[in-house]
Structures are given as structure tokens and as C-alpha cells.
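Everything below concerns the one structure shown next.
The values are calculated or read from the model by the stated rules, or taken from the named source; none is laboratory data. Only a predicted model underlies this, so the values are computations on that prediction, with no experimental measurement involved. Glycine gets a Cβ as well: all are built from the backbone with ideal geometry, and neighbour counts include every protein chain shown. Protein only, heavy atoms only, side chains kept; ligands, DNA and RNA dropped before computing areas. Shrake-Rupley method; radii C 1.70, N 1.55, O 1.52, S 1.80 Å.
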Amino acid sequence: MFINLVVMFINLVVMFINLVVMFINLVVMFINLVIMFIKLVVMFINLVVMFINLVVMFIKLVVMFIKLVVMLNTRASWYFSHINTVIDYTPKADISDFQNELGILSITAQDEQGMEYVPCGQQLFQLTPHVLVTFIALRYRLVFILDVSPSVATVNLATSEILYDEAFRSLETAMKSLVQPFRAPGSQILLCPELYVTVIAHTPLVNCKANQVLMQGCLLTQKNVDRMLRVIGDALTKFENKVAQALKEVIESDTYQDEEEEDHLTGGLFEDIVEKPDTPSPILYLTTPDMSFVNLFRYGILALQLLPEKSAAGIIVITDGVVGLPEASLFESLMGQLRHSTISCSFIQIGEDFQHNAGLGHVPYLDMLSYMAMSTFGVLFTRLPQLDTTSTEMNIFHQAILTWNLQKPLHQMQMQTQNSRMAPNPIMHKKHGERNLQTPISNLISCRLREGYTIQDVHLTKGDSQVEVNMVLLWRDQITIHYLAVSSWPLSPAKRTTHIEVSVLAHYAFLQDVTCPGKKLFSSPYRTALVKKYWQTLQGTTETDQLLVHLQSFAMSPIYYQVPESVKKGVPLFFLLANSTTPQLNVQLSSKDAALTQFANFWKPVLMLDINIWQKWMHTHRIGLVLMHDVPLGKHLHIPNSSGRFHSVMCRQAQMSLNNLLRNWSTFELLENHSYIKLLFQDPDKPPTSFYLLRVSPKPPCMVLRLAFLGGMSGKERNEIVTQLTEKITSLTFPQRGTQKDNKQKKTSQHQLSQESAPSPRQHKPPCCLYCQKPLEKILIRYDRMPHDFFVLDVPPMIDQSGQLSYPVSANKTAANVFTTLSRYLYHRRWVWTMQHVSSMPISMQAVGCILSNLTKIRLQEGFRFSHANSGIVDMVLEVDMKLPCVCSEAEAEAETAECVEELHPCIVQYVIFPPHTATTKESASKDDMEEMETTEADGELQIITECWVEPQCGVIVNSSPERKHFDGLDYRQLAEAVSGNVVS
């Protein structure tokens, strides 16, 4: 019995153990189920991630919507700061939903089968280096230039019509295509960007004095495009008639000389040899094709500067392509100006390509047009696309002119290579050099983009710890310069080292020329200039990189931003010796101070920056000012004194007030009354984060303040600083000054050049500075001496000893005289009044001076201000508000049912008063006689001469002060006549 009990107990223990084992097995099974569930969840997550990566891998287009127009380096900085980052994208329903400078408008993708995928709701995307990012702006300023050269007057053999007709038809198609509302791929927002358009008709005929601006500053819309095209068509017809008349005069004069030469050949064998007349052949009055091509772009750049600033810029040239290649230095200077200003150049070809029976040897130079278009992110249209007004998708003009992306030139080059009929020369690779730079890669990329480089590809290597950016410069046809930048990834302020490699891809003949220049001499000057320009380009890239590293090292050492006490007290850091352009350390400062010497060595290159190219390193802004003159004016402002000299217009008080303001506003003064530095702090107790340079052009009364901000600042911050400084400057006033007689004279309107800064009529203290919205310095008329002939607007081109036209070809000179350029662009009227005939009683010089003084007082009462004075020639300027034409359709305008929004734009008016002039006969006049102003008893007529220059702005004048209320409702042509009418009334 006892044994049975023991056996039963053992069985119970075994059973218990089995139960425990079973429980453990159940627990293990449960754990396995949990692990299996976790694996399933992980697998599901991996599948989701794989799907996302699959979608991201085939992203085709990311369109960036620019709320404000941002700088080129800001776009590049945004792109590289978002590479390999996850973007939380939500489609926007309206334009008002965008608040920042840059916002994502749409994202489209393609799967492996090529099917387009458009996200409908909020989704996450990763911006990989293979994503194509395209930028679109809300506002554009476009200049259309019609090439009205003699080659355009030929007949198109394929269509049997004059190329003139094709030019206007191309303009019509381009304008109607651009104003079409469109939706970006993947977006439902209907976009209609603001297009401010200027149309110019350019002719190389020197003796054609017609105004080349057909329309300026018009806000082009879908409703008013037909009406504007009719206005442009009428103006183009008048211009063509003037060109035909000018060409007729040249041909008739040339024919006459040919007939005279034939008479001498047949019947003059035994006649005495006579000297050729001094007058050059009329054929010389036709500008050479290469210089005419450069002048065409100079008109376009000038026109862009007069359009609204905060907009994307573009030039569209409608030409037959019969152009010449400019001289190497001049062409490089032109391309640099276009690239630094971020101006895209596009071409629309009229006529046909090269044909064996091309009339008069008119062969289009499409290679150069294609190169210029690709180098400036433009496009070349060899065929005019068809106009489609029913679709809301982006048409070819939208894609070519209104969009911008980093790889645009390379795509065009690939298409051009595929469509080329000629086999390209074998391309070889040659490494130029490599070096390390202590600056972030994003800053280097921004500089290269300003120089015309484009990003070929971006790769993340070494396990996504290193980024490689390969950039390409389309330097010449089949010659490309490659710039490889390598840096650590992700980007960090602490890791500033960037390794770069520079190489060139070209054909063997060019590489042989540039690598072995000392072994042979080139007989061709063009070949020599090409090699010289190549090495200058590479040297310029090296110097640009060195200066960039110098500027970006600003916050690396306290020595560079800790201002010495002596400089804080207002002592300028540098000074200039007479007839010297190299700044020297101020003698008032101790040259033995090591910290001061290092401080000066850092800021000296900043002071010597060239304002024409400093966009490569910095963000630039400008403030245009006209300083108020001192009172009273000189007695001999219009008539000479006993020694034959004139008084000039002084602005000492206004300039002193401005200099004091800038000195107090800035952190320290680099060069007295010339350059200032302002350090920017986010925290007063911490080092400065950035700085900006302010430079003053020392040419009062017309002055320009140029501000250059270090790269990295947002557009909003820069605009706030510029606005604050402008408000401080325009609030400067003179103290109450002068006697009662002077005060009575000063009770004229102190109307500002800008409506925003206009003082109150009851204001007793006149402002020191008047703010000018337009770049007055670009179109300011300056006379340094009296014209030789007041019935000829400009002087004909100079003739050298060989009888050829003499044009400057140096890169630091313009291709055409500035005055000649402005005379073809601005609207001009000149009036000549005869004060005394030869047989009349002499008029005293004091009486003539009194008349000219009264003219000056009338202009001052109307709001004009002095802009320049030299040798008794007084220039005055006024900026008026002009209302653009209604953007509604013609039917709505006639029915007066449209609600037109009044958009005001400034317009510059210039008035010139010459000193008394004695007109003599051409037989007895000489250069010295034309300048003689001492007496009025000389033979001839005593004349008073004035002229008016008006910017050809589209619209009518509004918001005039009571003193010039009669200007309201006038266009720019009527305004010039109204100024004359006030004088004679």
C-alpha cells in the first residue's frame, strides 16, 4: 500500500512536470507568434518604404513656385539644402496659400511603365539628386527685339514673302502664347504670371535717327494682347518707313558716286588727278554685323533695367540669324554681363536655314545663337511653333521662357547633338588642376552659376557621406570647361573644406593650342585671342574662388569683425592718394598695431570689389537719389562771368547730411564718403553673422547707393534693410535757411521723384534727398560741351585714317557711344528760339540770363530737380507717375464695364537748358567759334536752346502736383510738347 502511494505521488509529480512543460511550450509558441507578427509588420513597413522609394526614383518634375523673385544663389542653396531630405507635400488650392519665398507648386512622377503619377493628398517624398527641379516666377520682364537689318528685307524663297512680315508674325505668336493661362504639370492652379514687355526694333543704319522703342513697360495680358499688337504693328510700320527712307538716302548717294566714278573711267584718262572728297562713302554708315549684334543686346539690357526690378529677366530676339561674331574680349564682356545679371537670351529664327541659293550670301549663324541661348538658360526656336489658345497645359513658349532649371542648357545641348547633321569632332579630356578651398560647396556652386556654369549631375558617394557636383561651362562651340566640387555630406557649417577639380573637354586642335602655346606663334589674331581668353577665364575662376574664400572667412576669426577703437570713433580705415586707385591705410591710424593691420588686410579686397561683377559673390541692391541743390544758386549758372567760366550746381549741405547719416548708420567707414560696412548681429552678445557693403557713387546731384549683402541672407531680410535705410535717407531735411527773399523763392513745390516719399505741401523744411525708383544713372543725359550742330541730334561715327568706321573693341568700353544709344532709345524734342537777328539791336547778356533763370524757376516749380551741370549746360530731372493702359479687352474698354486696377509706374523726364548760343554760317563756323560764348556781338543769330528727353513709358501721367496738373492724362510724346508749351506761354 505504501508503495502504491509512492508510485501515485511520483505520477502526480510527473504529471505536474508535464503540465509545466506544456505551459512553457505554450509561452514559447506565443513568443514565436509575437515575433512572427513583428516580422510581418517590419515586412509591411519595408514594402511601404520600397514603394515610396520606387515613386521617388521616378520623380520627373518638381516645380517651385516663387512667391518673390529670389536670387540665383538662393535657388541653388534651396536645392542643395533639400537633397536627400523628406518633403511633406500637400497640394495647394490657390496662389494665396504660398507665404514663403519658395514653395512647392506640384510634384509629378513616373513609374517603371512610364505612367504618370500625381499625388492627390498629403504625401512624403524624398528629393534625390536625380530629381529635376524647375522654377517658375510670378512676375517677368521681357524685351522683344526685332532685327530690322537689311538682310531681313529679302524674300524668303521657301514662302515667297518678305522676312519683315515673318518677324511680326513671330512676335504675335510669341506674345499670344505667353499670355495664355496655364497649369503646371501636377497642379490644378491656373497660373497667369505678370508680363512686363518692351518691344524694340533695332537697325544697324547709323543715319537712321528714328526712335527704336515701339512700346515700353506694358503689362501684357490675354485680354489686351490684341490691342497692344495693333499699337506695335502701327509703330513698326512707321519705323520701317523711316528705315527705308534712310536706306534710300544711302543707296542714292552711293549710286551717284558710282556714276561719277564711271565718268572718270571713260572720259577722264587725261584729266588732272583730283583729291577724293573728305566725306566717307555712305556704305560706311551701315554698322558692321558683329557690332550691330552687340548693340542690339545693349539696347535690350538697357530696356530691362527700366522695367520693374523684382522680376525674372529675359531677352527674346527675332532675327534671321545673319549676324557676325564680335571680337573675343567684347563678346566675353557681353556674355559676362548677361550671366551676372541672370538674363536669359532666346532667339526666334525667321526665314530658312542655309540654302545653296541663299540671296546675297545671307547665311544664318545658328551656331552662335544656339551657344548664347544655352549659355544663358534660353532657347533657340528654328521653327515657329503653332499657336494653341484652347489648351491650359504649358505650351512650348511657357516651358522655354518662363521656366528655369539647373540642367536646362545640357538638355538643349543633347538635343542639338542628336539633331546635328554634321559629325562632331572627337572630344578629348584634359585636366587643368585641383585644389582645396575652405568654403561651403553651396557658395562655390552659386558663384559658378553666376559665371554661366550649369549643373550636369549630382552624386552621393561613400555611403551617402560625400557629395560630388559636376558643373559644365559651355565656353565655346565643342569646348566645355568642367568644374567638379566634392564635399562631405550632409552639409554642415563646421565642415567647410571643398575639393575641386578643373578640366576641359575639347577637340585635339584646341588642346594642342592651349597646352603648347610657347612652341609656336599663331598667324591668325583670332586664334591668338581665343587662347588668351581661355587662360584668362581659368585665371578668373581661380581669383573668384580665392576672393570667395576670403569673404566667407569673415566670421572665422575675431580679428576680422572686432572694430578697432580708433575706427569706431569715425576715422576712415583707408584713403586714396591723388590719381591713384589703390587704397592706403589711413595715416591717422597706427601702422604698428598688428591687429589693426590684419583687420585692414581683410577689408581691403572688399573695398576694391568691382561693382560690375560683385553679383558673383553677393546679393546686390541699389538706392537712387537726387540731392537737393544749395540755395542761392550761382549768378553765372547760365551765362559766363568775366573770365568765361560758369558756376556749377552745388549740393554740399545735402551731401553732408547724407554722409553723416551713413556714417552713423554703418558700423565703420572703409573710405571716407565712399564705402561703409554694416555688421549684422542676431544676438548682441555673440559674434556677427553677416555684413553688407554700402558704396556711394560720388557724383552729386545724381547719386546711387549700392548695397552688397554677403551670400546666405534671405530676400525678406535684405528688402527690410533696404527699405529702412531708404526711409531714413528720404526723411533727411534741411534746416530753415536763407533770407526772406530766398524763402519766397523756395516756396515752390517740393514734390518728390517718388510718390511714396513726397513731402507735405505745408512742410517748411525741404528734403535733402529725393528717392528715384528708376535707374536714372543709366539714362542720364550729360553734356560736357556744346554740340557742334543743334540741328543734328548726334555726331556721325568717327572715321579713322583708313576710311573705316572706328568703334571701341576693348572690354571696358561700350560698343557704341552712350549718347547715341540713348538718342535712339529715349524720346527727344529740341527747341531753338532766335533772340536776335544779325540786323537787330544787340541784346545784353544779362537779359538773356534772366530769361534762362525764369525757365529754370518754372521747371523747379513743376518739380524738376538739378541732375547735372557743366559748362553752363544745366540738366534737370523729374519722375512722374504713369498709369498703365487698362488690361481689359477692347470691347470691355469701350463698354466701360471692366474694373481696371490702376497700376502706377514711374517715368523719367529730363530737361536741358543750354547757355546762349550764337549761330554762325557753316562756311565761317569753326570748332572754336561754336564754343565762343563771351560776347553777343558775334556774327550770326543769338539763340536760346532747350530740349526734353522722355522715357518712352507706356501709359498716361497721373497724380501730378498742382503746379503741373496740366501734365495729367498725357503720354510721353505729349509730355514733351507740354513742357515746351509751358515755356512759350
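Of all residues in segment 663-681, those satisfying the criterion of being closer than 15 Å to residue 560 by Cβ and assigned to a loop (DSSP other than H, G, I, E, B) are 667, 681.
Quick one: in segment 499-523, of everything that is outside any strand (DSSP E or B) and at pLDDT 80 or above, which residue is surrounded by the most Cβ atoms within 10 Å (Cβ to Cβ)?
Looking at residues that are outside any strand (DSSP E or B) and at pLDDT 80 or above, I get 510.
Limited to segment 310-323, what total is found for residues that are in a loop (DSSP other than H, G, I, E, B), modelled with pLDDT of 85 or more and not β-branched (Val, Ile, Thr)? Going through segment 310-323 one residue at a time, the tally reaches 3.
Scoring residue 532 on the criteria (1) surrounded by fewer than 12 Cβ atoms within 10 Å (Cβ to Cβ); (2) within 30 Å of residue 469 (Cα to Cα); (3) charged (D, E, K, R) leaves a single failure, condition (1).
So that you can scan it fast, the table gives a plain yes or no per residue for (1) open to solvent by less than 10 Å² (accessible area, probe 1.4 Å); (2) modelled with pLDDT under 90; (3) in contact with a His (Cβ under 7 Å, 6 or more places away or on another chain):
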residue	(1), (2), (3)
901	no, yes, no
904	no, yes, no
914	yes, no, no
918	no, yes, no
931	no, yes, no
956	no, no, no
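Pick from segment 697-712 the residues that are over 20 Å from the mean Cα position of the chain (by Cα) and not small (Gly, Ala, Ser): which of them is most open to solvent (accessible area, probe 1.4 Å)? So that I can check it myself, show each step before the final result.
Residues of segment 697-712 that are over 20 Å from the mean Cα position of the chain (by Cα), as a first pass: 698-702, 712.
Pick out the ones that are also not small (Gly, Ala, Ser) and you get 698-702.
Values: 698: 88, 699: 130, 700: 54, 701: 7, 702: 9 Å².
My answer is 699.
In this entry, residue 613 passes the filter for residues that are closer than 28 Å to residue 340 by Cα and surrounded by fewer than 18 Cβ atoms within 10 Å (Cβ to Cβ).
In a residue-by-residue description of segment 188-205, the property of being over 28 Å from residue 290 (Cα atoms) and of a type in the set (Gly, Ala, Ser) applies to no position. Give segment 380-394 a look and list any residue that's modelled with pLDDT under 90 and either part of a loop (DSSP other than H, G, I, E, B) or not charged (D, E, K, R) (or both), or say none. Residues satisfying the conditions are 382, 383, 384, 385, 386, 387, 388, 389, 390, 391, 392, 394.
Got at least one residue in segment 135-145 being open to solvent by less than 70 Å² (accessible area, probe 1.4 Å), more than 29 Å from the chain's Cα centre (by Cα) and farther than 21 Å from residue 310 by Cβ? No: segment 135-145 contains no residue that is open to solvent by less than 70 Å² (accessible area, probe 1.4 Å), more than 29 Å from the chain's Cα centre (by Cα) and farther than 21 Å from residue 310 by Cβ.
For segment 481-497, a residue qualifies if it is more than 19 Å from residue 82 (Cβ to Cβ) and open to solvent by less than 20 Å² (accessible area, probe 1.4 Å), and the qualifying residues are 481, 483.
Taking the stated definitions as given, is residue 660 out of contact with any Lys or Arg (no Cβ under 7 Å at 6 or more places or on another chain), surrounded by fewer than 16 Cβ atoms within 10 Å (Cβ to Cβ) and within 30 Å of residue 451 (Cα to Cα)? Step through it out loud before you land on a result.
Details: out of contact with any Lys or Arg (no Cβ under 7 Å at 6 or more places or on another chain): yes; surrounded by fewer than 16 Cβ atoms within 10 Å (Cβ to Cβ): yes; within 30 Å of residue 451 (Cα to Cα): no.
Judged against the criteria, residue 660 is not a match.
If a residue has to be at pLDDT 50 or above, open to solvent by 50 Å² or more (accessible area, probe 1.4 Å) and farther than 19 Å from residue 977 by Cα to count, how many in segment 807-831 make the cut?
So the first thing to find is which residues in segment 807-831 are at pLDDT 50 or above, and the list is 817-831.
When the remaining residues are screened for being open to solvent by 50 Å² or more (accessible area, probe 1.4 Å), the result is 817-818, 829.
Retained after the next criterion (residues that are farther than 19 Å from residue 977 by Cα): 817-818.
Of the residues in that region, 2 qualify.
Note on segment 305-335: among residues that are over 16 Å from the mean Cα position of the chain (by Cα) and polar (S, T, N, Q), the one that is least open to solvent (accessible area, probe 1.4 Å) is 319. When residue 637 is tested against the conditions (1) in a loop (DSSP other than H, G, I, E, B); (2) in contact with a helix residue (DSSP H, G or I) (Cβ under 8 Å, 6 or more places away or on another chain); (3) surrounded by fewer than 20 Cβ atoms within 10 Å (Cβ to Cβ), the lone failure is (3). The set of residues from segment 109-139 being out of contact with any Ser or Thr (no Cβ under 8 Å at 6 or more places or on another chain) and under 23 Å from residue 454 (Cα atoms) comprises 128, 129, 130, 131, 132, 133. Per this entry, residue 459 is not counted among residues that are within 27 Å of residue 338 (Cβ to Cβ), open to solvent by 30 Å² or more (accessible area, probe 1.4 Å) and part of a strand (DSSP E or B). Among residues of segment 288-306 that are more than 18 Å from residue 341 (Cβ to Cβ), those with a Cβ under 6 angstrom from a residue that is open to solvent by less than 20 Å² (accessible area, probe 1.4 Å) and of a type in the set (A, V, I, L, M), sequence gap 6+ or separate chain, pair up as 291/815. Cβ-Cβ distances below 9 Å connect the following pairs, each with a first residue in segment 959-974 that is in a helix (DSSP H, G or I), a second residue that is loosely packed, with under 14 Cβ neighbours inside 10 Å and not basic (Lys, Arg), and a separation of six or more residues or different chains: 962/761; 966/981. Residues in segment 462-472 that are in contact (Cβ under 8 Å) with a residue 24 or more places away in the chain and not in a loop (DSSP other than H, G, I, E, B) were compared, and the one that is farthest from residue 505 (Cα to Cα) is 467.
Which one of 176, 238 is at pLDDT 85 or above and surrounded by fewer than 16 Cβ atoms within 10 Å (Cβ to Cβ)?
Numbers: 176 fails: surrounded by fewer than 16 Cβ atoms within 10 Å (Cβ to Cβ).
When all the criteria are applied, what remains is 238.
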